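The values are calculated or read from the model by the stated rules, or taken from the named source; none is laboratory data. In this text the structure is predicted, and so the values were computed from the model without any measurement. Note: ideal-geometry Cβ built from the backbone for every residue, glycine included; neighbour counts use all protein chains shown.
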Amino acid sequence: MSAPATTATTGVPFYSGAASVRRDWAGLAARLRTVTATGRFTFGPVGSELERAISARTGAAHAVAVNNGTDALIIMLRAAGIGPGDEVIVPAYTFFASASSVLHVGAKPVLVDIQPGSYALDPERVRAAVTDRTRAILPVHLFTQMADMVALGEIADEHKLQLLEDSAEGIGMHIDGRHAGRWGRAGVLSFFPTKTLGALGDAGMLLTDDDELARTARRLRCHGQPSDGSYEYLELGYNSRCDEVQSAFLLWRLERLDAEIARRADLAARYDQRLGDLAPQVRTPWLAPARRQSNLVYYVYLIECERRDELVAYLTAHGVGTEVYYPRPLTEQPCLAARAGVDQPVPVAKAASQRAVGLPMFPDLTDEQVDRVCDLIHEFYQERP
Ligand SMILES: Cc1ncc(COP(=O)(O)O)c(C=O)c1O
């Protein structure tokens, strides 16, 4: 086995946003100056401009900016009237917040298996998990593609359930031109720094066409304060603001979002091409069978592979950053075990948790860096046929 190369010359980070800031510091500084010039650092005109821009981008009638994607989920569930006694169907394979947000509003997440490829709710399993306490289905769009929203929408209609989307990772994803977060009553976006549209810290947003839900969300993000600004609180809300600096940064990044999504697709095609011959040890991303297909937006380039943990250790030793999404299904999260409902086994989620790993993916990643990662993966499997 070759000795690990020094990370200084050949290391590849999992994610870095430094180069794009360096390249257009002047443009970013101009955006940030609009904030300092107004003297309003939160709930100001730049935040409103961001909300309008995201509305225009996604087609949602209302975009309500909040402090992060997790808050957006909690506020969405509260505004949709989900609470104690209710069950919400959540995939067993997703980020913790998809389920913890349901518990935060006093309801019970019911964890259901996913489909291979999309890593999203399996509609047939969802159908089997509906009970008379089910109030909502919470599909999550992970990594590159959306859940089968047509099939899930039919189940929701059949059982008179709300469809509430965890589209935290979904910016740019759509089916038939309809953006993620716009297939149900409401959806959310996360602007966590590594996301396809990432902030300079934390930020998130709720999307909806429902006027009443949007009004409630605007109150809840501000302690429950009524829209007239009076200090008479009729309900308990949160302190969940998206400040003006984050909004300015996001507006700056929004200008290059399409180019960045295209660059991510080029990088993914290079990974596909360089890793394709390693099948079946390595499986590159594939489209799940769905009635209508989502486009692919490579927020994460996720492979499934044999001896995943050994491969991760090998790449780490050679200075390559990876991220294991997600090392265990939610059914095995200690904090959820006693509180979530699990009425079926989740073999697809379990297999993904043992085989999946995200490789470096960000717009400033170079072709040479992708080649370096792929060379190392080839080396790893050559040395362990
Ligand atoms: C699927 C999913 N849901 C929810 C969240 C929570 O978003 P945030 O980190 O902005 O709170 C994230 C992002 O981290 C996510 O990927």
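Structure summary
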{"item": "Close pairs (6 angstrom Cβ cut-off, 6 or more residues apart or separate chains): at negative phi and part of a helix (DSSP H, G or I) in region 316-335, modelled with pLDDT of 95 or more and small (Gly, Ala, Ser) anywhere", "result": "Leu330/Ala92; Leu330/Ala99; Thr331/Ala92"}
{"item": "Those residues of region 97-118 which are under 16 Å from Glu165 (Cβ atoms), polar (S, T, N, Q) and within 12 Å of the ligand (Cβ to nearest atom), in sequence order", "result": "Ser98, Ser101"}
{"item": "Where Val126 falls short, out of the listed (1) more than 16 Å from the ligand (Cβ to nearest atom); (2) buried (at least 22 other Cβ atoms within 10 Å of the Cβ); (3) part of a loop (DSSP other than H, G, I, E, B); (4) of a type in the set (Val, Ile, Thr)", "result": "(3)"}
{"item": "First in region 216-235 and in a loop (DSSP other than H, G, I, E, B), second anywhere and among the polar types (S, T, N, Q), Cβ under 7 Å, 6 or more apart", "result": "Arg221/Ser240; His223/Asn239; Tyr233/Gln225"}
{"item": "Residue pairs meeting the criteria (Cβ under 6 Å; at least 6 apart or on separate chains; first on the phi < 0 side of the Ramachandran plot, in region 90-111; second outside any helix (DSSP H, G or I) and charged (D, E, K, R))", "result": "Ala92/Asp113; Ser98/Asp166; Leu103/Arg339; Ala107/Asp86; Lys108/Glu87; Val110/Glu87"}
{"item": "Selection within region 129-151 - within 16 Å of the ligand (Cβ to nearest atom) and under 19 Å from Arg291 (Cβ atoms)", "result": "Ile137, Pro139, Val140, His141, Leu142, Thr144, Gln145, Met146, Ala147, Met149"}
{"item": "Residues that are more than 12 Å from the ligand (Cβ to nearest atom) and either under 11 Å from the mean Cα position of the chain (by Cα) or surrounded by fewer than 24 Cβ atoms within 10 Å (Cβ to Cβ) (or both), drawn from region 184-216", "result": "Arg185, Leu200, Asp209, Asp210, Asp211, Glu212, Leu213, Ala214, Arg215, Thr216"}
{"item": "Members of region 323-353 that are polar (S, T, N, Q) and crowded, with 20+ Cβ neighbours inside 10 Å", "result": "Thr331, Ser353"}
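A quick yes/no check of all residues on (1) in contact with a helix residue (DSSP H, G or I) (Cβ under 9 Å, 6 or more places away or on another chain); (2) not β-branched (Val, Ile, Thr):
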| position | (1), (2) |
| --- | --- |
| Ala199 | yes, yes |
| Glu212 | yes, yes |
| Thr216 | yes, no |
| Ser230 | no, yes |
| Tyr238 | yes, yes |
| Glu244 | yes, yes |
| Leu257 | yes, yes |
